[in-house]
Amino acid sequence: MVWLVVAISLALPGAMLLTLDNLRPLIPDLERPAQVSVMLAGVLDLEQAEALQRELATWESVEDVTLVRRDEALAVFGEQTGLSGLLMSLDHNPLPHALLVSSSAPRTDAALSQLVEAIDALSGVDRAIIDNQWMSRLKQALLATERWGIALGAAMVLGAILALANTLHLAVDARREEILVVRVIGGSPGFIRRPFLYTGLYFGAGGGLLAGVMLWVLSLWIAGPVNALFVLYGSLGQIQGPGVGYPLALIGLGAGLGWLTSWAASARYFSRLEAS
Amino acid sequence: MIEFERVSRCFGDQDALRSLNLTIEQGEMAFLTGHSGAGKSTLLRLLLLLDRPSSGDIHVNGEPTSKIRSRMVPRYRRRFGVVFQDHRLLFDRSVHDNVALPLVMAGFSPTDTARRVRAALDKVGLLSHEQANPAVLSGGEQQRVGIARAVVARPEFLIADEPTGNLDPQLSSEIMSLFEAFNQVGVTVLVATHDLPLISRLRHRIITLHEGRLAGVTAQ
Ligand SMILES: Nc1ncnc2c1ncn2[C@@H]1O[C@H](COP(=O)(O)OP(=O)(O)O)[C@@H](O)[C@H]1O
Ligand SMILES: [Mg+2]
């Protein structure tokens, strides 16, 4: 029963961390240069576009500028959408020339929007769009989830501590007579404490082990659908199970909690004893 | 040698012991007596450092106990064998394991422990009950197990607080004989009791407390 409470309290935050571990590699490297896509006005010819490219390249906030010619863009678009045939039949290319602008450090959101505004204000520019806005949103969402996970995890761990503390309190109480006798005949606090530390370790580590098993079962259960989802999204990723690291960490955490809790429970009891 | 030097112990406005001077010689056997509430238990508790004097000091073999740090208190207590009125045996284990407790605490090897436990049980005449649960023993037998536990680690001092309080005169006399036997092999014995008829027949010093003061000491 105590095992189960401790196990659930540890498995939940564990599952959360594992989920985050799985999501993190799905976000491409966030440190790569943030990119601004610049759609040029349709009337600009290639020479004017190249002039604009050279100008932007001299800006301090710009690291690199790539020109995407309208015919290139059309070809790529046709390939990606499978509509090449249809596009070929058009008598003129509806796409403008475009520039891909990489901003230089610092790549803060503020600096990026400033850059976008400046580019937007140039004549010959139709629209400047930040490429990876969705990505920074995702990053923020993940960060929020992580914080939420940590808070929830802390609450659950506190629950585990309370369950352990209650068990140890009962264990200490059940041996009240023994503690009194042993104290009078010269048992050291360490000697008196030893059985309770073992009790704490037993329930803590046991709960951690059970939590590890729960995590394994859970990840096996959801592995099928999640891996199928990954394939659908064209990701080569595979769900990452808890491995050995997670169960070991959970057992260690449980054991540590059990040890500390029993230490605290017996210390509190002894101080009350000395006071009486 | 145990020396109380002007020892007082106050609980609020209640003085359990008042400026007590008392010496127990090495190898002596003495009785501590007095009415209920006279301060006998308080005196023994102070000696075992289960409580500390409000003023004054207790010297054991010349060493002032007030200088003993709390870390060293368990070791100090192991120099005493303690017998309680209600024997304080643990009913969740056998007679053997009860008696073995002080040895386990002191870290004796299992073989050494077994040998000493059997020797102690033999001295109190309960060797045949080694594996019994103490709960099935009679009151007198339980107290003898308590005495075996008190002496098994061969303490310098044997302290007892009303050890015969729950026993009839016949059994009480047997228990006192046991204490005398341990005294004869060199253990200093101090027994708190108000069983005056019994102790007046024995030839040991009787220390009488009255309201926390020394009221009289008989000659040996
Ligand atoms: N922990 C305590 N708190 C308050 N008063 C106490 C405490 N212990 C003992 N006393 C008081 O000290 C006096 C002596 O008690 P005690 O030493 O137990 O006497 P005895 O053992 O001779 O019967 C009594 O009046 C008792 O009420
Ligand atoms: Mg008393």
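The values are calculated or read from the model by the stated rules, or taken from the named source; none is laboratory data. In this text the structure is predicted, and so the values were computed from the model without any measurement. Glycine also receives a Cβ, built like all others from the backbone with ideal geometry; neighbour counts cover every protein chain displayed. All accessible areas refer to the heavy atoms of the entire protein, side chains included, with ligands and DNA or RNA removed. Shrake-Rupley method; radii C 1.70, N 1.55, O 1.52, S 1.80 Å.
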task: With both partners inside the protein assembly as shown, how many of the DSSP beta bridges are antiparallel, as a percent to the nearest 5?
output: 65 percent
task: Could you grab the Rg to Rh ratio for chain A? Cα atoms only, Kirkwood for Rh.
output: 1.28
task: Within the stretch B:146-220, report the trypsin sites (Lys or Arg not before Pro) that DSSP leaves as loop and that have at most 16 other Cβ atoms within 10 Å.
output: B:R203
query: Taking a probe of 1.4 angstrom, what is the accessible area of A:Y198 in Å², to the nearest 10?
result: 140 Å²
message: As a test of the definition: with a 1.4 Å probe, what buried accessible area, both sides summed, do you compute for B against A, in Å² to the nearest 100?
response: 1400 Å²
task: Return the percentage of antiparallel bridges among DSSP beta bridges fully within chain B, rounded to the nearest 5 %.
output: 50 percent
message: Heavy atoms of the protein only, probe of 1.4 Å, neighbouring chains included. What is the accessible area of A:L143 in Å², nearest 10?
response: 70 Å²
message: Considering only C-alpha atoms, what is the centroid distance from the stretch A:81-96 to the stretch B:109-134, in Å?
response: 102 Å
- request: Run the 1.4 Å probe and let me know the accessible area of B:H96, rounded to the nearest 10 Å².
  value: 30 Å²
field: Two-decimal Rg to Rh for the stretch A:164-274 - Kirkwood Rh, Cα set
entry: 1.29
task: Between the alpha-carbon centers of the stretch B:16-88 and the stretch A:175-249, tell me the distance in whole angstrom.
output: 48 Å
task: Just add up the charged neighbours of B:V95: K/R +1, D/E -1, any other residue whose Cβ is under 12 Å from the Cβ of B:V95.
output: +1
message: Placing +1 on the Cβ of each Lys and Arg and -1 on the Cβ of each Asp and Glu in the stretch A:35-131, which of A:F77, A:A57, A:M39 has its Cα farthest towards the positive end of the resulting dipole?
response: A:F77
query: Ignoring the sites themselves, what is the longest stretch of chain B with no GluC sites (Glu not before Pro) in a DSSP loop and at most 14 other beta-carbon atoms within 10 Å?
result: B:26-210
- prompt: Roughly what % of DSSP beta bridges within the stretch B:153-220 run antiparallel, to the nearest 5?
  reply: 45 percent
- line: Averaged per residue, the 1.4 Å probe accessible area of chain B, protein heavy atoms only, in Å², is roughly 45 Å²
message: I'd like the Kirkwood hydrodynamic radius of the protein assembly as shown, using the inverse of the mean 1/r over distinct C-alpha pairs, in Å.
response: 30.2 Å
query: For chain B, what is Rg from Cα atoms divided by 2.2 N^0.38 Å, rounded to two decimals?
result: 1.01
field: Per residue convex hull volume, Cα atoms of the stretch A:35-131, in Å³
entry: 88 Å³
Ranked order, B:R52, A:R272 - accessible area, probe 1.4 Å, largest first: A:R272, B:R52
